[in-house]
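The values are calculated or read from the model by the stated rules, or taken from the named source; none is laboratory data. Just so we're clear, the structure is a prediction, and the values are computed from it rather than from any experiment. As a convention, Cβ positions derive from the backbone with ideal geometry for all residues, glycine included, and neighbour counts pool all protein chains shown. When the accessible area is computed, the model is the full protein with side chains, heavy atoms only, and any ligands, DNA or RNA have been set aside. Shrake-Rupley method; radii C 1.70, N 1.55, O 1.52, S 1.80 Å.
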Amino acid sequence: MDSEDDMHDANDMESVDEDFYSDGDGYGGDAADSDADVADYDFMGNETDDSDEQAVSRTQKNYTVLKEEDIRQRQEEDMTTISTLLSISREAACILLRRYNWSVNKVHEEWFADEERVRKSAGLLEKPAVSLSRVIDVVCGICFENFLPDDITSVGCGHPFCSTCWKAYITTSINDGPGCLTLRCPDPSCDVAIGQDKIDKLTSGEDKKKYYRYLLRSYIEDSRKTKWCPAPGCDSAIEYDLGSGSYDVTCCCSFSFCWNCTEEAHRPVDCDTVSKWILKNSAESENMNWILANSKPCPKCKRPIEKNQGCMHMTCTPPCKFEFCWLCLGAWSDHGERTGGFYACNRYESAKQEGVYDESERRREMAKNSLERYTHYYERWATNQSSRQKAMADLHQMQTVHLEKLSEKQSQPESQLKFIIDSWQQIVECRRVLKWTYAYGYYLPEHEKAKRQFFEYVQGEAEAGLERLHQCAEKELQTYLNATGPSKDFNDFRTKLAGLTSVTRNYFENLVRALENGLADVDSQGACSKAPSSKNTTGSSKGKGGGRGKNSTKT
(Lines give C-alpha, C1' and ligand atoms only; values in the text may rest on other atoms or scores of the structure.)
Protein backbone atom coordinates (compact mmCIF):
# COMPACT_ATOMS: atom_id res chain seq x y z
CA MET A 1 0.00 0.00 0.00
CA ASP A 2 1.08 3.50 -0.64
CA SER A 3 0.14 5.14 2.63
CA GLU A 4 -0.93 4.50 6.19
CA ASP A 5 -4.36 5.79 5.22
CA ASP A 6 -4.72 2.79 2.94
CA MET A 7 -3.99 0.48 5.85
CA HIS A 8 -6.57 2.17 8.02
CA ASP A 9 -9.04 2.01 5.15
CA ALA A 10 -8.34 -1.70 4.83
CA ASN A 11 -8.96 -2.31 8.49
CA ASP A 12 -12.11 -0.20 8.45
CA MET A 13 -13.40 -1.99 5.40
CA GLU A 14 -12.76 -5.41 6.86
CA SER A 15 -14.48 -4.60 10.13
CA VAL A 16 -17.53 -3.12 8.41
CA ASP A 17 -17.84 -5.67 5.62
CA GLU A 18 -16.83 -9.18 6.73
CA ASP A 19 -14.41 -8.89 9.64
CA PHE A 20 -11.56 -11.07 8.51
CA TYR A 21 -11.02 -13.32 11.48
CA SER A 22 -13.69 -12.36 13.98
CA ASP A 23 -17.05 -11.70 12.32
CA GLY A 24 -19.88 -14.17 12.71
CA ASP A 25 -20.21 -14.61 8.97
CA GLY A 26 -16.47 -14.90 8.54
CA TYR A 27 -14.25 -17.07 10.69
CA GLY A 28 -14.94 -16.66 14.35
CA GLY A 29 -17.97 -17.30 16.49
CA ASP A 30 -19.56 -14.58 18.55
CA ALA A 31 -17.90 -11.37 17.38
CA ALA A 32 -17.31 -9.82 20.79
CA ASP A 33 -16.02 -13.01 22.40
CA SER A 34 -13.88 -13.89 19.43
CA ASP A 35 -12.31 -10.43 19.26
CA ALA A 36 -11.46 -10.52 22.94
CA ASP A 37 -10.11 -14.05 23.04
CA VAL A 38 -8.32 -14.36 19.74
CA ALA A 39 -6.68 -10.98 20.08
CA ASP A 40 -5.13 -12.14 23.35
CA TYR A 41 -3.12 -14.64 21.37
CA ASP A 42 -2.24 -12.13 18.64
CA PHE A 43 -3.95 -14.24 15.98
CA MET A 44 -5.71 -11.14 14.68
CA GLY A 45 -4.61 -9.37 11.57
CA ASN A 46 -4.89 -5.89 13.09
CA GLU A 47 -1.78 -3.81 13.59
CA THR A 48 -0.07 -4.53 16.90
CA ASP A 49 2.44 -2.53 18.89
CA ASP A 50 5.33 -4.58 17.58
CA SER A 51 4.21 -4.55 13.95
CA ASP A 52 7.15 -2.33 13.00
CA GLU A 53 9.57 -4.81 14.60
CA GLN A 54 7.94 -7.67 12.69
CA ALA A 55 8.25 -5.75 9.44
CA VAL A 56 11.93 -5.09 10.10
CA SER A 57 12.58 -8.74 10.99
CA ARG A 58 10.99 -9.82 7.72
CA THR A 59 13.43 -7.69 5.73
CA GLN A 60 16.53 -8.70 7.72
CA LYS A 61 18.35 -11.76 6.38
CA ASN A 62 20.55 -14.03 8.44
CA TYR A 63 22.18 -15.48 5.34
CA THR A 64 23.99 -14.49 2.15
CA VAL A 65 23.45 -15.93 -1.31
CA LEU A 66 26.73 -16.74 -3.08
CA LYS A 67 26.89 -17.13 -6.83
CA GLU A 68 29.73 -18.96 -8.53
CA GLU A 69 31.72 -15.80 -9.18
CA ASP A 70 31.30 -14.78 -5.51
CA ILE A 71 32.65 -18.13 -4.35
CA ARG A 72 35.64 -17.91 -6.68
CA GLN A 73 36.37 -14.37 -5.56
CA ARG A 74 36.27 -15.40 -1.88
CA GLN A 75 38.62 -18.29 -2.58
CA GLU A 76 41.10 -16.00 -4.26
CA GLU A 77 40.88 -13.47 -1.43
CA ASP A 78 41.47 -16.16 1.21
CA MET A 79 44.49 -17.52 -0.66
CA THR A 80 45.90 -14.03 -1.01
CA THR A 81 45.38 -13.36 2.70
CA ILE A 82 47.17 -16.54 3.80
CA SER A 83 49.94 -16.13 1.23
CA THR A 84 50.64 -12.58 2.40
CA LEU A 85 50.28 -13.33 6.10
CA LEU A 86 52.54 -16.41 6.15
CA SER A 87 54.88 -15.35 3.32
CA ILE A 88 54.27 -18.51 1.31
CA SER A 89 53.24 -19.16 -2.29
CA ARG A 90 49.58 -19.08 -3.35
CA GLU A 91 49.80 -22.82 -4.16
CA ALA A 92 50.97 -23.55 -0.60
CA ALA A 93 48.27 -21.25 0.79
CA CYS A 94 45.64 -23.20 -1.16
CA ILE A 95 46.94 -26.51 0.26
CA LEU A 96 46.79 -25.14 3.80
CA LEU A 97 43.28 -23.76 3.37
CA ARG A 98 42.10 -27.10 1.99
CA ARG A 99 43.72 -28.85 4.95
CA TYR A 100 41.80 -26.64 7.41
CA ASN A 101 38.48 -26.50 5.53
CA TRP A 102 39.02 -23.02 4.10
CA SER A 103 39.15 -21.41 7.53
CA VAL A 104 41.59 -18.49 7.45
CA ASN A 105 41.47 -18.13 11.25
CA LYS A 106 42.20 -21.82 11.81
CA VAL A 107 45.20 -21.74 9.46
CA HIS A 108 46.51 -18.64 11.22
CA GLU A 109 46.14 -20.16 14.70
CA GLU A 110 47.65 -23.54 13.83
CA TRP A 111 50.55 -22.10 11.82
CA PHE A 112 51.77 -19.80 14.55
CA ALA A 113 51.19 -22.43 17.22
CA ASP A 114 53.38 -25.07 15.52
CA GLU A 115 54.54 -24.36 11.97
CA GLU A 116 56.55 -27.57 11.63
CA ARG A 117 53.58 -29.76 12.58
CA VAL A 118 51.29 -27.90 10.18
CA ARG A 119 53.78 -28.26 7.32
CA LYS A 120 54.10 -31.98 7.98
CA SER A 121 50.33 -32.60 8.17
CA ALA A 122 49.65 -30.55 5.03
CA GLY A 123 52.57 -32.02 3.04
CA LEU A 124 54.49 -28.76 2.59
CA LEU A 125 58.28 -28.72 2.34
CA GLU A 126 60.19 -25.73 3.59
CA LYS A 127 62.69 -26.11 0.71
CA PRO A 128 63.32 -28.65 -2.10
CA ALA A 129 65.12 -31.78 -0.97
CA VAL A 130 67.37 -32.33 -3.99
CA SER A 131 68.04 -30.92 -7.48
CA LEU A 132 68.18 -33.13 -10.58
CA SER A 133 69.82 -30.55 -12.83
CA ARG A 134 73.30 -32.15 -12.72
CA VAL A 135 72.13 -35.73 -13.17
CA ILE A 136 72.67 -37.17 -16.65
CA ASP A 137 70.26 -40.10 -16.60
CA VAL A 138 67.24 -40.53 -14.31
CA VAL A 139 65.01 -43.59 -13.79
CA CYS A 140 61.25 -42.97 -13.50
CA GLY A 141 59.88 -44.33 -10.23
CA ILE A 142 56.76 -45.74 -11.91
CA CYS A 143 57.64 -47.10 -15.37
CA PHE A 144 61.38 -47.57 -14.54
CA GLU A 145 62.46 -46.13 -17.89
CA ASN A 146 65.55 -43.93 -18.25
CA PHE A 147 64.95 -40.23 -19.02
CA LEU A 148 66.89 -37.04 -19.31
CA PRO A 149 66.44 -34.60 -16.40
CA ASP A 150 64.29 -32.29 -18.56
CA ASP A 151 61.72 -35.08 -18.98
CA ILE A 152 61.54 -35.78 -15.25
CA THR A 153 59.37 -33.94 -12.74
CA SER A 154 59.11 -33.99 -8.95
CA VAL A 155 57.24 -31.92 -6.36
CA GLY A 156 60.28 -30.89 -4.36
CA CYS A 157 60.72 -34.11 -2.47
CA GLY A 158 63.15 -35.41 -5.14
CA HIS A 159 61.19 -38.51 -6.19
CA PRO A 160 61.56 -38.57 -9.99
CA PHE A 161 58.73 -39.51 -12.36
CA CYS A 162 58.38 -38.98 -16.07
CA SER A 163 55.81 -36.58 -17.52
CA THR A 164 53.76 -39.42 -19.00
CA CYS A 165 53.41 -41.21 -15.67
CA TRP A 166 52.65 -37.93 -13.88
CA LYS A 167 49.86 -37.13 -16.32
CA ALA A 168 48.38 -40.62 -16.01
CA TYR A 169 48.57 -40.43 -12.19
CA ILE A 170 46.90 -37.01 -11.97
CA THR A 171 44.27 -37.76 -14.65
CA THR A 172 43.25 -40.99 -12.91
CA SER A 173 42.96 -39.18 -9.58
CA ILE A 174 40.83 -36.39 -11.07
CA ASN A 175 38.51 -38.90 -12.72
CA ASP A 176 38.15 -40.71 -9.38
CA GLY A 177 36.57 -37.63 -7.77
CA PRO A 178 37.28 -34.83 -5.28
CA GLY A 179 40.05 -36.86 -3.64
CA CYS A 180 42.36 -35.32 -6.25
CA LEU A 181 42.39 -32.15 -4.13
CA THR A 182 44.51 -33.94 -1.50
CA LEU A 183 46.85 -35.58 -4.00
CA ARG A 184 50.31 -36.54 -2.69
CA CYS A 185 53.55 -37.64 -4.30
CA PRO A 186 53.17 -41.01 -6.11
CA ASP A 187 55.95 -42.51 -4.00
CA PRO A 188 54.20 -44.63 -1.31
CA SER A 189 56.59 -43.44 1.41
CA CYS A 190 56.16 -39.73 0.61
CA ASP A 191 53.45 -37.35 1.86
CA VAL A 192 54.41 -34.20 -0.03
CA ALA A 193 51.32 -32.45 -1.43
CA ILE A 194 50.80 -31.72 -5.13
CA GLY A 195 49.86 -28.09 -5.72
CA GLN A 196 47.91 -26.23 -8.38
CA ASP A 197 51.10 -25.40 -10.28
CA LYS A 198 51.66 -29.09 -11.11
CA ILE A 199 47.99 -29.53 -12.05
CA ASP A 200 48.20 -26.55 -14.43
CA LYS A 201 51.43 -27.83 -15.96
CA LEU A 202 50.49 -31.50 -16.42
CA THR A 203 46.76 -31.40 -17.27
CA SER A 204 44.62 -29.66 -19.85
CA GLY A 205 41.08 -29.48 -21.16
CA GLU A 206 38.38 -31.39 -19.30
CA ASP A 207 40.71 -32.70 -16.58
CA LYS A 208 41.74 -29.20 -15.57
CA LYS A 209 38.10 -28.03 -15.58
CA LYS A 210 37.11 -30.93 -13.36
CA TYR A 211 39.91 -30.21 -10.89
CA TYR A 212 39.00 -26.55 -10.53
CA ARG A 213 35.34 -27.47 -10.29
CA TYR A 214 36.15 -29.76 -7.36
CA LEU A 215 38.25 -26.99 -5.83
CA LEU A 216 35.38 -24.51 -6.13
CA ARG A 217 32.87 -26.94 -4.61
CA SER A 218 35.22 -27.76 -1.74
CA TYR A 219 34.98 -24.14 -0.58
CA ILE A 220 31.25 -24.68 0.08
CA GLU A 221 31.20 -28.35 1.08
CA ASP A 222 34.07 -28.15 3.56
CA SER A 223 32.65 -25.18 5.45
CA ARG A 224 30.18 -25.43 8.34
CA LYS A 225 28.59 -22.13 7.35
CA THR A 226 27.83 -22.75 3.67
CA LYS A 227 25.69 -25.18 1.71
CA TRP A 228 24.65 -25.53 -1.91
CA CYS A 229 21.13 -24.67 -2.94
CA PRO A 230 19.38 -28.04 -3.50
CA ALA A 231 17.20 -26.76 -6.37
CA PRO A 232 17.84 -28.67 -9.61
CA GLY A 233 20.20 -26.82 -11.93
CA CYS A 234 21.11 -24.12 -9.39
CA ASP A 235 24.83 -23.41 -8.85
CA SER A 236 24.43 -20.91 -6.02
CA ALA A 237 25.21 -21.48 -2.35
CA ILE A 238 23.97 -20.04 0.94
CA GLU A 239 26.21 -18.74 3.72
CA TYR A 240 24.25 -18.90 6.97
CA ASP A 241 24.91 -16.99 10.18
CA LEU A 242 25.06 -19.84 12.66
CA GLY A 243 22.92 -19.38 15.76
CA SER A 244 20.86 -16.58 14.23
CA GLY A 245 17.38 -18.12 14.43
CA SER A 246 15.21 -19.46 11.62
CA TYR A 247 16.81 -21.90 9.20
CA ASP A 248 14.52 -20.90 6.31
CA VAL A 249 16.51 -19.36 3.45
CA THR A 250 15.64 -18.35 -0.10
CA CYS A 251 18.14 -18.65 -2.95
CA CYS A 252 18.40 -16.22 -5.86
CA CYS A 253 16.63 -18.89 -7.96
CA SER A 254 13.58 -18.29 -5.69
CA PHE A 255 13.79 -21.76 -4.13
CA SER A 256 13.20 -21.69 -0.36
CA PHE A 257 14.71 -24.43 1.77
CA CYS A 258 15.77 -25.28 5.29
CA TRP A 259 19.49 -24.64 5.70
CA ASN A 260 19.72 -27.24 8.47
CA CYS A 261 18.31 -30.29 6.64
CA THR A 262 18.26 -28.91 3.02
CA GLU A 263 14.67 -30.03 2.54
CA GLU A 264 12.23 -27.43 1.27
CA ALA A 265 11.35 -24.72 3.80
CA HIS A 266 9.04 -26.29 6.37
CA ARG A 267 8.27 -23.91 9.20
CA PRO A 268 6.51 -24.46 11.61
CA VAL A 269 7.50 -28.14 11.52
CA ASP A 270 10.92 -29.18 12.85
CA CYS A 271 13.45 -31.09 10.78
CA ASP A 272 12.90 -34.41 12.60
CA THR A 273 9.17 -34.31 11.89
CA VAL A 274 9.82 -33.49 8.23
CA SER A 275 12.23 -36.40 7.98
CA LYS A 276 9.66 -38.78 9.49
CA TRP A 277 6.88 -37.45 7.26
CA ILE A 278 8.91 -37.75 4.04
CA LEU A 279 10.02 -41.25 5.02
CA LYS A 280 6.44 -42.23 5.74
CA ASN A 281 5.27 -40.91 2.38
CA SER A 282 7.86 -43.00 0.56
CA ALA A 283 8.06 -46.05 2.84
CA GLU A 284 6.40 -49.41 2.42
CA SER A 285 4.61 -49.11 5.76
CA GLU A 286 1.50 -47.59 4.20
CA ASN A 287 1.49 -50.27 1.49
CA MET A 288 1.51 -52.91 4.20
CA ASN A 289 -1.29 -51.11 6.01
CA TRP A 290 -3.32 -51.08 2.81
CA ILE A 291 -2.69 -54.78 2.24
CA LEU A 292 -3.69 -55.59 5.80
CA ALA A 293 -6.82 -53.43 5.61
CA ASN A 294 -8.05 -54.49 2.16
CA SER A 295 -6.88 -58.06 1.62
CA LYS A 296 -6.82 -61.47 3.24
CA PRO A 297 -4.19 -64.21 2.97
CA CYS A 298 -4.92 -67.27 0.86
CA PRO A 299 -5.44 -70.13 3.38
CA LYS A 300 -3.15 -72.37 1.31
CA CYS A 301 -0.23 -70.27 -0.03
CA LYS A 302 -0.68 -67.24 2.31
CA ARG A 303 -0.38 -64.68 -0.48
CA PRO A 304 -2.56 -61.58 0.10
CA ILE A 305 -5.70 -61.44 -2.06
CA GLU A 306 -7.91 -58.42 -2.74
CA LYS A 307 -11.64 -59.00 -3.21
CA ASN A 308 -12.54 -57.17 -6.44
CA GLN A 309 -15.93 -58.71 -7.21
CA GLY A 310 -19.22 -59.15 -5.36
CA CYS A 311 -19.45 -62.81 -4.42
CA MET A 312 -17.56 -64.57 -1.64
CA HIS A 313 -16.16 -67.29 -3.90
CA MET A 314 -12.41 -66.56 -4.18
CA THR A 315 -9.86 -68.29 -6.42
CA CYS A 316 -6.16 -67.75 -5.76
CA THR A 317 -3.88 -66.94 -8.68
CA PRO A 318 -1.85 -69.71 -10.40
CA PRO A 319 -0.08 -71.89 -9.54
CA CYS A 320 -2.04 -72.11 -6.27
CA LYS A 321 -5.63 -71.83 -7.67
CA PHE A 322 -7.09 -72.68 -4.25
CA GLU A 323 -10.81 -71.89 -4.02
CA PHE A 324 -12.02 -70.57 -0.68
CA CYS A 325 -14.64 -68.44 1.06
CA TRP A 326 -13.77 -64.75 1.59
CA LEU A 327 -15.61 -64.60 4.91
CA CYS A 328 -14.47 -67.70 6.79
CA LEU A 329 -11.40 -68.57 4.66
CA GLY A 330 -12.62 -72.17 4.49
CA ALA A 331 -12.41 -74.35 1.41
CA TRP A 332 -15.15 -73.51 -1.06
CA SER A 333 -15.93 -77.20 -1.50
CA ASP A 334 -17.27 -77.22 2.06
CA HIS A 335 -19.88 -74.57 1.24
CA GLY A 336 -23.42 -75.37 0.25
CA GLU A 337 -26.72 -75.94 2.02
CA ARG A 338 -24.93 -76.47 5.33
CA THR A 339 -23.54 -72.88 5.20
CA GLY A 340 -26.84 -71.22 4.40
CA GLY A 341 -26.67 -71.67 0.62
CA PHE A 342 -23.94 -72.11 -1.95
CA TYR A 343 -23.14 -68.38 -2.06
CA ALA A 344 -23.73 -67.73 1.65
CA CYS A 345 -21.64 -68.40 4.75
CA ASN A 346 -23.28 -68.48 8.17
CA ARG A 347 -20.34 -70.32 9.68
CA TYR A 348 -18.42 -67.02 9.63
CA GLU A 349 -21.09 -65.25 11.71
CA SER A 350 -21.29 -68.08 14.22
CA ALA A 351 -17.51 -68.30 14.48
CA LYS A 352 -17.30 -64.55 14.91
CA GLN A 353 -19.78 -64.71 17.78
CA GLU A 354 -17.57 -67.34 19.40
CA GLY A 355 -14.60 -64.98 19.17
CA VAL A 356 -12.65 -66.93 16.57
CA TYR A 357 -12.04 -63.86 14.36
CA ASP A 358 -11.76 -61.20 17.06
CA GLU A 359 -7.98 -60.70 16.82
CA SER A 360 -7.78 -60.66 13.02
CA GLU A 361 -10.78 -58.33 12.80
CA ARG A 362 -9.24 -56.03 15.39
CA ARG A 363 -5.97 -55.86 13.50
CA ARG A 364 -7.76 -55.21 10.23
CA GLU A 365 -9.85 -52.46 11.80
CA MET A 366 -6.77 -50.83 13.33
CA ALA A 367 -5.04 -50.91 9.97
CA LYS A 368 -8.06 -49.32 8.30
CA ASN A 369 -8.24 -46.55 10.88
CA SER A 370 -4.52 -45.87 10.62
CA LEU A 371 -4.69 -45.79 6.84
CA GLU A 372 -7.72 -43.50 6.83
CA ARG A 373 -6.05 -41.10 9.26
CA TYR A 374 -2.83 -40.96 7.25
CA THR A 375 -4.75 -40.55 3.98
CA HIS A 376 -6.71 -37.64 5.48
CA TYR A 377 -3.57 -35.68 6.36
CA TYR A 378 -1.61 -36.66 3.28
CA GLU A 379 -4.37 -35.62 0.86
CA ARG A 380 -4.56 -32.15 2.42
CA TRP A 381 -0.78 -31.86 2.52
CA ALA A 382 -0.55 -32.77 -1.16
CA THR A 383 -3.50 -30.53 -2.13
CA ASN A 384 -1.88 -27.48 -0.58
CA GLN A 385 1.37 -28.38 -2.32
CA SER A 386 -0.35 -28.45 -5.71
CA SER A 387 -2.15 -25.18 -4.86
CA ARG A 388 1.19 -23.62 -3.99
CA GLN A 389 2.72 -24.71 -7.29
CA LYS A 390 -0.24 -23.24 -9.16
CA ALA A 391 0.11 -19.99 -7.17
CA MET A 392 3.80 -19.83 -8.07
CA ALA A 393 2.91 -20.20 -11.75
CA ASP A 394 0.27 -17.47 -11.38
CA LEU A 395 2.80 -15.22 -9.65
CA HIS A 396 5.26 -15.68 -12.52
CA GLN A 397 2.48 -14.96 -15.04
CA MET A 398 1.52 -11.83 -13.11
CA GLN A 399 5.10 -10.56 -13.02
CA THR A 400 5.87 -11.24 -16.67
CA VAL A 401 2.55 -10.62 -18.45
CA HIS A 402 -0.44 -9.39 -16.48
CA LEU A 403 1.18 -6.55 -14.53
CA GLU A 404 2.09 -4.62 -17.66
CA LYS A 405 -1.35 -5.27 -19.10
CA LEU A 406 -3.07 -4.10 -15.90
CA SER A 407 -0.87 -1.00 -15.79
CA GLU A 408 -2.02 0.01 -19.25
CA LYS A 409 -5.72 -0.65 -18.62
CA GLN A 410 -5.87 1.10 -15.25
CA SER A 411 -3.53 3.92 -16.31
CA GLN A 412 -1.26 3.36 -13.32
CA PRO A 413 2.51 2.80 -13.21
CA GLU A 414 3.68 -0.72 -12.37
CA SER A 415 5.29 0.60 -9.18
CA GLN A 416 1.77 1.39 -7.93
CA LEU A 417 0.69 -2.23 -8.53
CA LYS A 418 3.29 -3.84 -6.29
CA PHE A 419 0.52 -4.71 -3.81
CA ILE A 420 -0.67 -7.41 -6.25
CA ILE A 421 2.76 -9.07 -6.38
CA ASP A 422 2.94 -8.85 -2.59
CA SER A 423 -0.39 -10.63 -2.29
CA TRP A 424 0.65 -13.48 -4.59
CA GLN A 425 3.96 -13.88 -2.78
CA GLN A 426 2.04 -14.06 0.48
CA ILE A 427 -0.29 -16.70 -0.97
CA VAL A 428 2.67 -18.84 -2.02
CA GLU A 429 4.23 -18.56 1.44
CA CYS A 430 0.98 -19.26 3.28
CA ARG A 431 0.28 -22.32 1.14
CA ARG A 432 3.66 -23.66 2.18
CA VAL A 433 2.97 -23.05 5.88
CA LEU A 434 -0.53 -24.50 5.65
CA LYS A 435 0.81 -27.59 3.88
CA TRP A 436 3.20 -28.36 6.70
CA THR A 437 0.59 -27.79 9.40
CA TYR A 438 -0.96 -31.07 8.24
CA ALA A 439 2.28 -32.92 8.93
CA TYR A 440 2.32 -31.13 12.30
CA GLY A 441 -1.24 -32.26 13.00
CA TYR A 442 -0.50 -35.88 12.05
CA TYR A 443 2.23 -36.16 14.67
CA LEU A 444 0.40 -34.14 17.34
CA PRO A 445 -0.22 -36.68 20.15
CA GLU A 446 -3.80 -37.97 20.27
CA HIS A 447 -3.97 -37.76 24.06
CA GLU A 448 -3.28 -33.98 24.09
CA LYS A 449 -6.89 -33.18 23.30
CA ALA A 450 -6.77 -29.55 24.35
CA LYS A 451 -3.82 -28.81 22.06
CA ARG A 452 -5.38 -30.78 19.22
CA GLN A 453 -8.67 -28.94 19.59
CA PHE A 454 -6.97 -25.56 19.60
CA PHE A 455 -4.67 -26.53 16.72
CA GLU A 456 -7.60 -27.61 14.56
CA TYR A 457 -9.35 -24.33 15.31
CA VAL A 458 -6.47 -22.04 14.35
CA GLN A 459 -5.61 -24.23 11.35
CA GLY A 460 -9.18 -23.90 10.12
CA GLU A 461 -9.09 -20.13 10.65
CA ALA A 462 -5.83 -19.91 8.71
CA GLU A 463 -7.15 -22.00 5.85
CA ALA A 464 -10.36 -20.01 5.57
CA GLY A 465 -8.51 -16.70 5.64
CA LEU A 466 -6.03 -17.83 3.03
CA GLU A 467 -8.84 -19.00 0.76
CA ARG A 468 -10.36 -15.56 0.99
CA LEU A 469 -7.12 -13.82 0.05
CA HIS A 470 -6.51 -16.31 -2.76
CA GLN A 471 -9.98 -15.81 -4.19
CA CYS A 472 -9.60 -12.04 -4.09
CA ALA A 473 -6.23 -12.14 -5.90
CA GLU A 474 -7.33 -14.77 -8.39
CA LYS A 475 -11.01 -14.11 -9.18
CA GLU A 476 -11.68 -10.47 -8.33
CA LEU A 477 -8.50 -9.27 -10.01
CA GLN A 478 -9.64 -10.90 -13.23
CA THR A 479 -12.41 -8.28 -13.52
CA TYR A 480 -9.86 -5.49 -13.79
CA LEU A 481 -7.64 -7.47 -16.17
CA ASN A 482 -10.60 -7.91 -18.52
CA ALA A 483 -11.73 -4.28 -18.24
CA THR A 484 -11.61 -2.12 -21.35
CA GLY A 485 -10.48 0.97 -19.46
CA PRO A 486 -9.75 2.41 -16.01
CA SER A 487 -12.16 1.18 -13.31
CA LYS A 488 -13.57 3.62 -10.78
CA ASP A 489 -13.46 1.10 -7.95
CA PHE A 490 -9.89 -0.09 -8.59
CA ASN A 491 -8.61 1.87 -5.58
CA ASP A 492 -11.21 0.13 -3.42
CA PHE A 493 -9.91 -3.20 -4.72
CA ARG A 494 -6.35 -2.07 -3.93
CA THR A 495 -7.36 -1.29 -0.35
CA LYS A 496 -9.18 -4.59 0.05
CA LEU A 497 -6.41 -6.79 -1.38
CA ALA A 498 -3.67 -4.98 0.53
CA GLY A 499 -5.68 -5.24 3.73
CA LEU A 500 -6.30 -8.96 3.24
CA THR A 501 -2.60 -9.49 2.52
CA SER A 502 -1.55 -7.66 5.69
CA VAL A 503 -4.08 -9.45 7.89
CA THR A 504 -3.22 -12.88 6.48
CA ARG A 505 0.51 -12.27 6.87
CA ASN A 506 0.14 -11.28 10.52
CA TYR A 507 -2.10 -14.23 11.29
CA PHE A 508 0.21 -16.77 9.68
CA GLU A 509 3.30 -15.31 11.36
CA ASN A 510 1.62 -15.68 14.75
CA LEU A 511 0.40 -19.15 13.82
CA VAL A 512 3.95 -20.23 12.98
CA ARG A 513 5.29 -18.85 16.26
CA ALA A 514 2.56 -20.61 18.24
CA LEU A 515 3.19 -24.00 16.60
CA GLU A 516 6.97 -23.68 16.91
CA ASN A 517 6.37 -22.99 20.59
CA GLY A 518 4.47 -26.27 20.82
CA LEU A 519 1.19 -24.50 21.67
CA ALA A 520 2.68 -24.02 25.12
CA ASP A 521 -0.11 -21.68 26.24
CA VAL A 522 -2.72 -24.43 25.98
CA ASP A 523 -3.02 -26.18 29.35
CA SER A 524 -4.02 -29.78 29.98
CA GLN A 525 -7.57 -28.89 30.97
CA GLY A 526 -8.50 -27.51 27.55
CA ALA A 527 -8.24 -23.84 28.49
CA CYS A 528 -5.91 -21.44 26.77
CA SER A 529 -4.77 -18.32 28.54
CA LYS A 530 -3.92 -16.57 25.28
CA ALA A 531 -6.19 -18.24 22.80
CA PRO A 532 -9.78 -18.39 21.60
CA SER A 533 -12.17 -19.38 24.36
CA SER A 534 -13.48 -22.92 24.70
CA LYS A 535 -16.79 -21.71 23.38
CA ASN A 536 -15.18 -20.79 20.10
CA THR A 537 -12.98 -23.86 19.80
CA THR A 538 -15.70 -26.40 20.48
CA GLY A 539 -18.01 -25.52 17.67
CA SER A 540 -19.95 -22.39 18.56
CA SER A 541 -18.29 -20.61 15.65
CA LYS A 542 -20.62 -19.69 12.87
CA GLY A 543 -19.98 -19.56 9.18
CA LYS A 544 -17.58 -21.50 7.02
CA GLY A 545 -14.48 -20.62 9.01
CA GLY A 546 -15.79 -21.97 12.30
CA GLY A 547 -16.93 -25.13 10.60
CA ARG A 548 -13.55 -25.65 9.01
CA GLY A 549 -11.76 -25.05 12.25
CA LYS A 550 -13.88 -27.61 14.00
CA ASN A 551 -13.66 -30.28 11.32
CA SER A 552 -10.22 -29.67 9.89
CA THR A 553 -8.93 -33.10 10.90
CA LYS A 554 -10.20 -36.60 11.47
CA THR A 555 -9.31 -38.54 14.53
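Remarks
- Area of residue 313 that stays accessible when all protein chains are in place (1.4 Å probe, Å², to 10): 50
- Global size of the stretch 358-453 as Cα Rg and Dmax, reported in angstrom: 21.2, 74
- Above-threshold pairs, the threshold being 29 Å between Cα atoms, out of 61/405; 120/198; 280/418: 61/405; 280/418
- Full extension of the chain segment joining residue 125 with residue 212 gains 29.0 nm, where the gain is 0.36 nm per residue of separation less the Cα-Cα distance.
- Averaged over residues, the count of other Cβ atoms within 10 Å places the peptides 159-166, 368-375 in the sequence 159-166, 368-375, highest first.
- The heavy atoms of residue 63 offer some 30 square angstrom of accessible surface to a 1.4 angstrom probe.
- Among 422, 150, 176, 241, the order of accessible area from largest down is 150, 176, 241, 422, computed with a 1.4 Å probe on protein heavy atoms.
- Ranking by accessible area, most exposed first, for 305, 170 with a 1.4 Å probe: 305, 170
- For the stretch 203-214, backbone phi angles converted through the Karplus equation (6.51, -1.76, 1.60; θ = phi - 60°) give residue-by-residue couplings of 10, 7, x, 4, 4, 5, 4, 4, 4, 6, 5, 4 Hz, Gly and Pro being listed as x.
- Positive-pole candidate from 401, 469, 411, dipole of the stretch 390-469, charges at beta carbon: 469
- Distance between modelled label sites at residue 400 and residue 281, nm, 7 Å Cα→Cβ extension: 2.5
- FRET efficiency estimate (nearest 0.05) - Cβ-Cβ, residue 366 to residue 478, R0 60 angstrom: 0.80
- Dipole of the stretch 69-148 computed with +1 at Lys/Arg Cβ and -1 at Asp/Glu Cβ about the Cα centre; of 79, 93, 121, farthest Cα towards the positive end is 121.
- Overall form of the stretch 94-220 per C-alpha gyration tensor (a/c, 1.5; a/b vs b/c): oblate
- Listed residues 400, 226 arranged by accessible area, highest first, probe 1.4 Å: 400, 226
- Computed E for residue 382/residue 116 - FRET, C-beta separation, R0 60 angstrom, nearest 0.05: 0.50
- Label-point gap, in nm, between residue 448 and residue 408 - each point 7 angstrom along Cα→Cβ: 5.5
- Computing FRET efficiency as 1/(1 + (r/R0)^6) for residue 272 and residue 489, where r is the C-beta to C-beta distance and R0 is 56 Å, gives about 0.70.
- Rounded to whole numbers, the Karplus 3J(HN,Hα) couplings from phi for the stretch 417-431 are 9, 4, 4, 6, 4, 4, 5, 5, 5, 5, 4, 4, 5, 5, 4 Hz, using 6.51 cos²θ - 1.76 cosθ + 1.60 with θ = phi - 60°, and x at Gly and Pro.
- In range of the label at residue 520: residues from the stretch 233-264 whose backbone nitrogen is under 17 Å from the point 7 Å along Cα→Cβ: 245-246
- Derived scalar couplings between HN and Hα for the stretch 163-176 equal 4, 5, 5, 4, 4, 5, 5, 5, 4, 4, 5, 5, 5, 7 Hz in order, rounded to whole Hz, by the Karplus curve 6.51 cos²θ - 1.76 cosθ + 1.60 (θ = phi - 60°), x for Gly and Pro.
- Between the amide H of residue 264 and those of 258, distances stay under 5 Å, these residues lying 5 or more places away or on another chain, with hydrogens modeled in the peptide plane.
- Rounded percent of accessible protein surface that carbon and sulfur make up, the stretch 218-261, 1.4 Å probe: 45
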